[in-house]
Amino acid sequence: MKKIFTILIACATLTTSIAQITAPVIEEKSETDNRYMAGAVPEVDGKVVLTRTVDVPAGLTLQEVMNRVDAWLVRCTKDERMHYNQRLPQTTDNELQHSYSMELTFSKSFLAHDFAEMAYVLAVRYDGGQIIMEMSHINYKYNENNKLNKYTAEEMIIDKYALNKKKTKLIFGFKKFRMKTIDLLDELQISLQNEFK
């Protein structure tokens, strides 16, 4: 019996060591970073609409800008996290929209993978020398205790639910959805900025 107990402890120690070696090195972000705090997730008519802007160099025509934006939106579909995408009908010359569904990873290690499937619409509009990116119609599918639950951004990442009453701290359970969604939009903003450098 003592030998079996010793073997079990050795296996547990080895498994922990392997997990520490193979776990990705992720830069820790402070949950009190202003990017995540009050006002970071605005609502328009009761719906979450996250916005970022990108400056466009002078001298480019509308067609040249939109061709670059179109090529960039297509490249976004090649992301290994992407599960599904659809180009939405173009209603104006200066705006393009895509609907995406992708994996939003909260944490990943040798033993566990915590993630949600996130769907959203990304609208990219050129206006007055700037590109305005809008992420809207955001929803999540998340497996909890072997049950697939569906949530909207309005249920998960707005100030009312994701922050404490004093608006000084993110609430456990909601914070990972809020932080990772904001991180994704910031990542897309940087990627599009690089397209115009």
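Full extension of the chain between K108 and Q63 yields a length gain of 12.1 nm, computed as 0.36 nm times the residue separation minus the alpha carbon distance.
Packing, as the average of other Cβ atoms within 10 Å across residues, places the peptides 68-76, 156-164 in the order 156-164, 68-76, highest first. Extension gain for the segment C76 to E144, taken as residue separation times 0.36 nm less the Cα-Cα distance, is 21.6 nm to one decimal. With a Förster radius of 30 Å applied to the beta-carbon distance between A38 and S191, the computed FRET efficiency rounds to 0.65. The modelled label-to-label distance for the pair Y84/H137, using points 7 Å beyond Cα in the direction of Cβ, is 1.2 nm. As a length-normalised measure over Cα pairs under 8 Å and 6 or more apart, the relative contact order of region 24-195 settles at 26 percent. Peptides 113-124, 97-108, 78-89 ranked from most to least packed by the mean count of surrounding Cβ atoms within 10 Å: 113-124, 97-108, 78-89. In sequence order, region 123-129 has phi-based couplings of 9, 10, 10, 9, 8, x, x Hz under the Karplus curve 6.51 cos²θ - 1.76 cosθ + 1.60, θ = phi - 60°, and Gly or Pro positions carry x.
Working note: Karplus 6.51/-1.76/1.60 with θ = phi - 60° gives region 63-68 the couplings 5, 5, 4, 5, 5, 5 Hz, where Gly and Pro are set to x.
The numbers here are math on the coordinates, done by the rules we state, and not lab data. Treat the numbers as computed from the prediction; the structure is a model and nothing was measured. Here Cβ is always computed from backbone atoms with ideal geometry, including for glycine, and neighbour counts include all displayed protein chains.
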